[in-house]
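Visitor: I'd like to ask some things about the structure below.
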Amino acid sequence: MCETRIITISTVSQCNEYFLQNTLNPLVSLIDLSDSDCCCLLQMDLYSVLFQNVSTCSCFGWRDCDFSEGTLAFFPPNRLINMSLWNKGMKGTSRLLCFHPSLVSRIRLEEHLGGYTYFRYRQDEALHLSKREQNVVCTCMDGIKEELGWGTDEYSQLLLTNRIEVLLNTCARFYNRQFITRHEVGKKLIKQMDELLDNYFFSGKVMQKGLPTAEYFSRMQGHSPAYLDDLLRHETGKNIDEYVKISQFRLACGLLLHTDKTVTDIVKELGYTSSQHFCYLFKRVTGFTPNAYRWYNATL
């Protein structure tokens, strides 16, 4: 009978003990889940990467525009992992890589390539692999396994860190490719974001709650803030905060051109901090003051 309780794991050694593995290094472990019948919820104080050769499960967010030769999901410390979802593939095709947070400073997880933001994605925003990509990922994991087999010496931590970094960089490349193959899906999400923005500004929410945040779009669109931010960067070159401010400015221009509202009213309606700040920003961007912009376009 499957376990439903939460299993808390604090160290790599405890993780190995739970899965009946020997500890080859106290900071890193790569576990073959082929013989595991674990169905519990794991909560580990470790970074975790889970691989499976099945992608079409809806709980991983697979879409018909995605490849289907493998799935990768990434978990930061203390996020629950439903292990029952990772024991549905063919025998010998699920693997768990976990590493201690002390390695993060060596891998530069918080600064390199935007901090490997996919560790902040939801499980249903997993990475779906082509056959070639699956082979590359398996090769990276085999390299980690080979290094673990050498035992612990003065080079172990450096070499293991390098091999993990290669895997993470490779996954960043593949996630970028996935945004490309999901271009049409991305356009729909951005269109939905534009509609949410217009509704937010014109419903008066900005006067009560301030500018919409990544968390707001996450709640409304059913994606993690990190995923939406990366999607927007890929499609527009702007992060969510930048995109909101551009939309705010676009709406201000529209109100100047198509209504007789005063600058003060527009500033209040769209949530600018002050009329002075808005006028300074507007002239910096357009070369006109708001009133001069309105007059100039009215004469065209």
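The values are calculated or read from the model by the stated rules, or taken from the named source; none is laboratory data. Remember, it's a predicted structure, so these values are computed and weren't measured experimentally. We place every Cβ from the backbone using ideal geometry, glycine too, and count neighbours over all the protein chains shown. For the accessible areas, the whole protein counts, side chains as well, though only heavy atoms, and no ligand, DNA or RNA atoms are used. Shrake-Rupley method; radii C 1.70, N 1.55, O 1.52, S 1.80 Å.
Visitor: Quick check: at a probe of 1.4 Å, how many percent of the accessible area of the chain sits on carbon and sulfur atoms?
Guide: 52 percent
Visitor: Right, next: How tilted is helix 240-258 with respect to the longest principal axis of the chain? Cα atoms for both, answer in degrees (0 to 90, nearest 10).
Guide: Value to nearest ten degrees: 20.
Visitor: Determine the gain in length on full extension of the stretch GLN221-LEU196; use 0.36 nm per residue of separation and subtract their C-alpha separation, reporting nm with one decimal.
Guide: Between GLN221 and LEU196, full extension yields an extra 8.1 nm.
Visitor: Once you have the alpha carbon radius of gyration of the range 23-90, what is it after dividing by 2.2 N^0.38 Å, with N set to its residue count?
Guide: 1.18
Visitor: Now for a separate question. Modelled label-to-label distance, THR264 and TYR296, 7 Å Cα→beta-carbon offset: nm?
Guide: 2.5 nm
Visitor: Multiply the residue gap between THR286 and ARG122 by 0.36 nm, knock off their C-alpha separation, and tell me the result in nm, one decimal place.
Guide: 55.0 nm
Visitor: Could you give the nm distance between label points at ARG63 and SER36, where each point is 7 Å from its Cα heading toward the beta carbon?
Guide: 2.9 nm
Visitor: Moving on. Sorting TRP150, TRP62 by accessible area (1.4 Å probe), largest first, what list results?
Guide: TRP150, TRP62
Visitor: Something else now. Can you list the equivalent-ellipsoid semi-axes of the chain, largest first and in whole Å, using the square root of 5 times each Cα gyration tensor eigenvalue?
Guide: 48, 19, 17
Visitor: To the nearest 0.05, how large is the calculated FRET efficiency for GLN276 and LYS245 if R₀ is 22 Å and r is the Cβ-Cβ distance?
Guide: According to the calculation, E is roughly 0.80.
Visitor: Using a 1.4 Å probe, what is the accessible area per residue for the chain, in Å²?
Guide: I get 51 Å² per residue for the chain.
Visitor: Another question about this same structure. Measure off 7 Å from each Cα along the Cα-to-Cβ vector at THR139 and PHE179, then give the distance between these two points in nanometres to one decimal.
Guide: 2.5 nm
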